[in-house]
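Note sheet for the following structure.
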Amino acid sequence: MVTRRTPLPGVGTQYDMTTRDGRHLSVVAHEDGRRFLAFYNPDDPDACQGTVPLDAEEAARLASIIAPDRAESGLPGSEFDLDLVTERISIEPDSPYRGRPMGDTKARTRTGASIVAVLRRTGAYPSPGPDHRLEAGDTLLVVGTREGVDDLADIIAGS
C-alpha cells in the first residue's frame, strides 16, 4: 500500500493512495475544511472515474465512520465549544501595515486572533515574530473566532 502527500499551495493538500489490490484513490483536503474524494480506474491510474465533494461536517462524519476511535481522539471541539476558523488575509498594496513589522498590528491584543504563518511567494514563514515585516502580496494565515478574524481583516485593510 503506497500513500503520497502533495502540498497544493493556496488550496490545501492532496493525498493519493494505492490500495493493496491496486486501486488508486485521492483526497484533496482544502484549507477551508472541504474535501474531494476521487476514484480512479485501476487499469489507468490517471483516469478519474468520479469525485465526491464533502463539506467539513461531511468529511468529519465520514472519518468517524471509517476510523471511529481515531476521529474521537482529536480535539473535542464540541465539548469545549471551540468555534474557531482559519482564514487567509492578504496584505494589499494599500494596507497600512505594508512594509511594517507584524507586531504593529497588535493582532492578538486587539482581536484575539493569531497570525500563525505568513505566506510569501518566496516561501512560508510559520510562527512569525513581531519583528517580521509584512509586504504587499503576503498572505496571513490567521486562526481565531469568526468575529476576531473578521476584525483582523478590517485592521489589515485599514478599515
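The values are calculated or read from the model by the stated rules, or taken from the named source; none is laboratory data. Please read all numbers here as calculations on a predicted model, not as lab measurements. With ideal geometry, Cβ positions are generated from the backbone for all residues, glycine too; neighbour counts draw on all protein chains shown. Keep in mind that these areas ignore ligands, DNA and RNA; they rest on the heavy atoms of the full protein, side chains included. Shrake-Rupley method; radii C 1.70, N 1.55, O 1.52, S 1.80 Å.
Right, Asp154: closer than 16 Å to Ser95 by Cβ, outside any strand (DSSP E or B) and open to solvent by 60 Å² or more (accessible area, probe 1.4 Å) or not? If you could, list the steps in order and put the result at the bottom.
Details: closer than 16 Å to Ser95 by Cβ: yes; outside any strand (DSSP E or B): yes; open to solvent by 60 Å² or more (accessible area, probe 1.4 Å): yes.
The answer is yes for Asp154.
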Scanning the range 132-151 residue by residue, those outside any loop (DSSP other than H, G, I, E, B), of a type in the set (D, E, K, R) and more than 12 Å from Ala107 (Cα to Cα) turn out to be Arg133, Arg146, Glu147
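Could you list all residues from the range 8-17 that are outside any strand (DSSP E or B) and either over 24 Å from Asp138 (Cβ atoms) or open to solvent by less than 90 Å² (accessible area, probe 1.4 Å) (or both)? Working first, answer last.
Kept after step one, since they are outside any strand (DSSP E or B), are these residues of the range 8-17: 9-11.
If the condition is that a residue be outside any strand (DSSP E or B) and either over 24 Å from Asp138 (Cβ atoms) or open to solvent by less than 90 Å² (accessible area, probe 1.4 Å) (or both), then Gly10, Val11 are the ones that fit.
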How many residues of the range 100-151 are of a type in the set (Asp, Glu), under 16 Å from Glu87 (Cβ atoms) and either free of Cβ contacts under 8 Å to residues at least 40 places away in the same chain or surrounded by 19 or more Cβ atoms within 10 Å (Cβ to Cβ) (or both)? The answer is 3
Enumeration of residues in the range 23-54 that are closer than 30 Å to Glu87 by Cβ and open to solvent by 90 Å² or more (accessible area, probe 1.4 Å)
Asp32, Arg34
Here the residues within the range 79-129 that are among the hydroxyl-bearing types (Ser, Thr, Tyr), assigned to a loop (DSSP other than H, G, I, E, B) and closer than 18 Å to Glu31 by Cα are Ser127
Candidates Arg20, Arg5, filtered to the one that is over 17 Å from Thr86 (Cα atoms) and outside any strand (DSSP E or B)
Arg20
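Could you please find all residues in the range 23-68 being among the basic types (Lys, Arg) and either under 15 Å from the mean Cα position of the chain (by Cα) or part of a helix (DSSP H, G or I) (or both)? So that I can check it myself, show each step before the final result.
Of all residues in the range 23-68, those among the basic types (Lys, Arg) come to 23, 34-35, 61.
Matches in the range 23-68: Arg34, Arg35, Arg61.
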